[in-house]
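Beneath this line is the structure, given in structure tokens, with notes to follow.
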Amino acid sequence: MTIGHSTRPISEFIGLLRQHGVEGLVDIRTIPRSRHNPQFNSDALAKSLKHAGVAYAHIKELGGLRHPRPDSINTGWRNASFRGYADYMQTEEFEEAVRRLPELCAQKRCALMCAEAVPWRCHRSLLADALVARGVSVEHILSGSRRDVHSLTSFARIQDNRVVYPQAEAGARQKRAAAAQPELRFDDSKAAMPGKKRKTKFTAAKEARRRARLAAGSPPVERVIPDKRRKPPKHKKSLGDLAEI
């Protein structure tokens, strides 16, 4: 199973583990600390879990914050963080870390923990892909009553028990997603961007103020209208004028 601690109080988090029968928690954060949620700092978390009877282990080698390689084969991921982790999944260091999981979870019902509340925004979804490729069933804890079975990412491919995310399949997936979006018609675009409202030259309020001024004996407000008349054209000499010269 996997779980994200998010911003939950520690009591709620431990209650969630108990509801799903979790006996061991594997921390897969690269940096097992949280500035805004100190209850999930590794030392505080391990202490709280110990009181609750839940075992705690931290595997830094399964953590995220990986950078993509210049020659990445996982260009199906547009997100650089996911592509970086997918590249890291091709390394021996990752393989060794994954092999530690059966040892830790052989006698206990375990959950892999990261920070994000939902798996599809977290590198644990890629780790779940790697486990599914090895024949391990993975479920994501989403609430006290909900656990979703993980399915292999749609554009992922398994090669020699390793998961890769090639560009070609991702491109086809993106085209299908784009084709499913409604097209914006010209009528819709005009409705979405209405023209500027014309200023009303005459209103009842203005007329009422004008009449009130007249009733009070005030002279009407004079409007200064600039003279926009064209200047008279310069006199052009006619043939008769030329004859007099």
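The values are calculated or read from the model by the stated rules, or taken from the named source; none is laboratory data. The model shown is predicted, which means the values in this text are computed figures rather than measured ones. A quick note on method: Cβ atoms are made from the backbone with ideal geometry, for glycine too, and the neighbour counts reach across all protein chains shown.
Take the conditions among the small types (G, A, S), out of contact with any Asp or Glu (no Cβ under 7 Å at 6 or more places or on another chain) and surrounded by fewer than 19 Cβ atoms within 10 Å (Cβ to Cβ) and apply them to A111. Does it pass? No, not satisfied. Strands (runs of 3 or more DSSP E) fully within the range 1-94 that include at least 1 residues being polar (S, T, N, Q) and within 18 Å of C105 (Cβ to Cβ): 2-4. Would you check if R18 is closer than 21 Å to R147 by Cβ and free of Cβ contacts under 8 Å to residues at least 60 places away in the same chain? Answer is yes for this residue. Taking the residues in the range 20-73 that are hydrophobic (A, V, I, L, M, F, W, C) and within 24 Å of the chain's Cα centre (by Cα) as candidates, determine which candidate is modelled with the lowest pLDDT. If we take residues in the range 20-73 being hydrophobic (A, V, I, L, M, F, W, C) and within 24 Å of the chain's Cα centre (by Cα), then L65 is modelled with the lowest pLDDT. Only residues that are at positive phi and among the polar types (S, T, N, Q) were counted in the range 112-158, giving 0.
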